[in-house]
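S.K.: The structure's right below; bear with me while I get my questions together.
FYI, it's all coordinate maths here, none of it is from the lab. Computed from a prediction, not measured in an experiment: that's the story for all the values here. No Cβ is skipped: glycine too gets one built from the backbone with ideal geometry, and neighbour counts run over all protein chains shown.
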Amino acid sequence: MRYVLGIDGGGTKTTGLIADESGKTMAEATVGASNPNIVSTTELVNTFSKLKLKLEVTNQEAFAKIDRLYAGISGTGHPSAQKKVHDILSDVMPAGVSITVDNDAIIALYSGTLGKPGIVQISGTGSITYGINHKGKRDRVGGWGHLIGEKGSGYGLGSDALQAVFAAHDQLGPSTLLEKTVPAFFDEQTPPDLIPLIYRSSSPKETIASLGRLVMEAADRNDSVATDILYQNGYDIGQCIKTLASKLFEKNTPIPVVLAGGLFNRVDLFQQAIEDGTEDYLPSIQLIKPEEPPVHGAVMAALMRD
């Protein structure tokens with residue numbers, strides 16, 4: 001019996017899962033961040049060393065028989081970043097283990113398609129539309145960072161919410177529940193009180209993205225401004241999916257689209273808008289909400305490696 005190790009690494013945590021040939025979980029552990037753009041080389045070594053130790057302690061027999069490792073790590077889109085993580089894993093993990101480091105979008109995709117080609121729409125704090133077709137060709141739309149624009153993300157919702165709040169405050173836009181709920185979220189009374197908090201934040205992107213939940217709550221209370229924000233962001237997601245589909249797939253072929261990320265915990269608020277944005281490709285596009293987390297996609301990818 002041989003075993004594989006799948007790793008899902010991000011900016012806040014890293015999860016490793018050992019599975020047997022049938023995909024059955026034999027050991028699982030979670031440690032700190034492993035995005036090479038966020039943490040130092042020393043921290044990366046420490047993170048993967050801790051992961052190795054935890055997995056080994058949990059199931060020493062399975063760990064000793066790992067022969068393949070597939071790591072989907074955020075921040076490894078560039079070959080140099082992939083090599084950096086690969087070299088560290090090669091030093092940390094047992095000799096003889098075949099190691100692959102890849103974009104974390106791939107394992108998010110495989111968690112929904114079970115290893116088959118398709119498109120993954122990741123909408124969390126940020127957003128990216130990523131895909132791979134039957135010929136192995138990969139492409140992407142978006143994911144260029146919040147300063148350039150990340151519609152269909154927590155940041156996109158939060159940024160739109162702030163613009164709506166200040167437009168209402170200046171009497172340049174319609175009234176909205178967000179005028180009260182956004183300042184209250186920061187324990188402030190009025191929109192102008194928010195300016196120093198936002199501009200002096202140590203992490204403005206995360207601060208603004210945290211407001212996405214307030215947009216959803218306002219929409220649940222039939223706030224028209226919040227409803228419009230959600231629809232426009234959902235429609236933009238649909239447009240990104242449609243554009244990528246046109247690059248990678250024929251219109252008349254089934255195209256699984258995996259919806260991953262925190263925004264899709266409320267997929268009911270986005271599904272119609274996404275479908276409207278992908279109308280030209282319906283019914284070829286099939287939206288999937290994965291039942292398993294991305295680390296299971298990493299295991300699937302490891303089992304598929306030759």
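S.K.: Kindly work out what percent of the DSSP beta bridges joining two residues of the chain are antiparallel, to the nearest 5.
M.R.: Details: 23 of 44 bridges.
Antiparallel bridges: around 50 percent, rounded to the nearest 5.
S.K.: Quick one: check the C-alpha center-to-center distance for the stretch 203-229 versus the stretch 269-295, whole angstrom.
M.R.: That distance is 21 Å.
S.K.: When only Cα pairs under 8 Å and 6 or more residues apart are kept, what is the percent relative contact order across the chain? Write out the running numbers ahead of the final one.
M.R.: On the way: 638 pairs, mean separation 65.2, N = 306.
Once normalised by length, the contact order is 21 percent.
S.K.: Pop out the ³J(HN,Hα) list for the stretch 201-212 in order, Karplus 6.51 cos²θ - 1.76 cosθ + 1.60 with θ = phi - 60°, rounded to Hz; leave Gly and Pro as x.
M.R.: 3J(HN,Hα) across the stretch 201-212, in whole Hz: 4, 5, 9, x, 4, 5, 4, 5, 4, 5, 7, x.
S.K.: Rg and Dmax of the chain, Cα atoms, in Å?
M.R.: Just the Cα atoms of the chain yield Rg and Dmax of 20.9, 68 Å.
S.K.: Got a sec to turn the phi values of the stretch 40-46 into Karplus ³J(HN,Hα) couplings, 6.51 cos²θ - 1.76 cosθ + 1.60 with θ = phi - 60°, whole Hz, x for Gly and Pro?
M.R.: Going residue by residue, I get 6, 4, 4, 5, 4, 4, 4 Hz, with x marking Gly and Pro.
S.K.: Distance between the C-alpha centers of the stretch 29-88 and the stretch 128-164? Whole Å please.
M.R.: Going from one Cα centre to the other spans 26 Å.
S.K.: Continuing with the same structure: Mean-square fluctuation check for the chain, GNM, Cα pairs under 10 Å: which of ALA19, ALA27, ALA184 is largest?
M.R.: Greatest mean-square fluctuation among the candidates belongs to ALA184.
S.K.: Sticking with this structure for a sec: Considering all projection directions equally, how large on average is the shadow of the alpha-carbon convex hull of the stretch 1-108, in square nanometres?
M.R.: Values: hull surface 23.7 nm².
Here the figure is 5.9 nm², rounded to one decimal.
S.K.: Give the long-range amide H neighbours of GLN286: residues separated by 5 or more places, or on another chain, with amide H under 5 Å away, using H modelled in the peptide plane at 1.01 Å from N.
M.R.: Sorted by chain and number, the residues that satisfy this are ILE255, VAL257.
S.K.: Which cross-chain or sequence-distant (5 or more) residues have an amide H under 5 Å from the amide H of GLY118, H modelled 1.01 Å from N in plane?
M.R.: ILE132
S.K.: Further, regarding this structure: Tally the DSSP beta bridges in the stretch 3-96 and give the antiparallel ones as a percent, rounded to 5. Please report the intermediate quantities before stating the final value.
M.R.: Values: 13 of 20 bridges.
If we restrict to bridges inside the stretch 3-96, about 65 percent are antiparallel.
S.K.: Test of understanding: in a Gaussian network model of the chain with alpha carbons linked when under 10 Å, which of GLN171, GLN189, GLN82 would top the mean-square fluctuation ranking?
M.R.: Ranking GLN171, GLN189, GLN82 by mean-square fluctuation puts GLN171 first.
S.K.: Would you please give the residues with an amide H less than 5 Å from that of MET26, counting only those at least 5 places away or on a separate chain, with H modeled from the backbone geometry?
M.R.: Those qualifying (amide H under 5 Å, at least 5 residues apart or on another chain) are ILE18, ALA19, ASP20.
S.K.: Order of LYS65, LYS52 from fewest to most other C-beta atoms within 10 Å? Working shown, then result.
M.R.: Working: LYS65 15, LYS52 19.
Going from least to most buried by this count: LYS65, LYS52.
S.K.: What do you get for Rg/Rh of the stretch 152-306 when both radii come from the Cα atoms and Rh is the Kirkwood radius? Could you put the intermediate results ahead of the total?
M.R.: On the way: Rg = 18.4 Å, Rh = 17.3 Å.
Answer for the stretch 152-306: 1.06.
S.K.: How large is ³J(HN,Hα) for each residue in the stretch 95-103, as worked out from phi by the Karplus curve 6.51 cos²θ - 1.76 cosθ + 1.60 (θ = phi - 60°), to whole Hz, x for Gly and Pro?
M.R.: 5, x, 7, 6, 10, 10, 10, 9, 4
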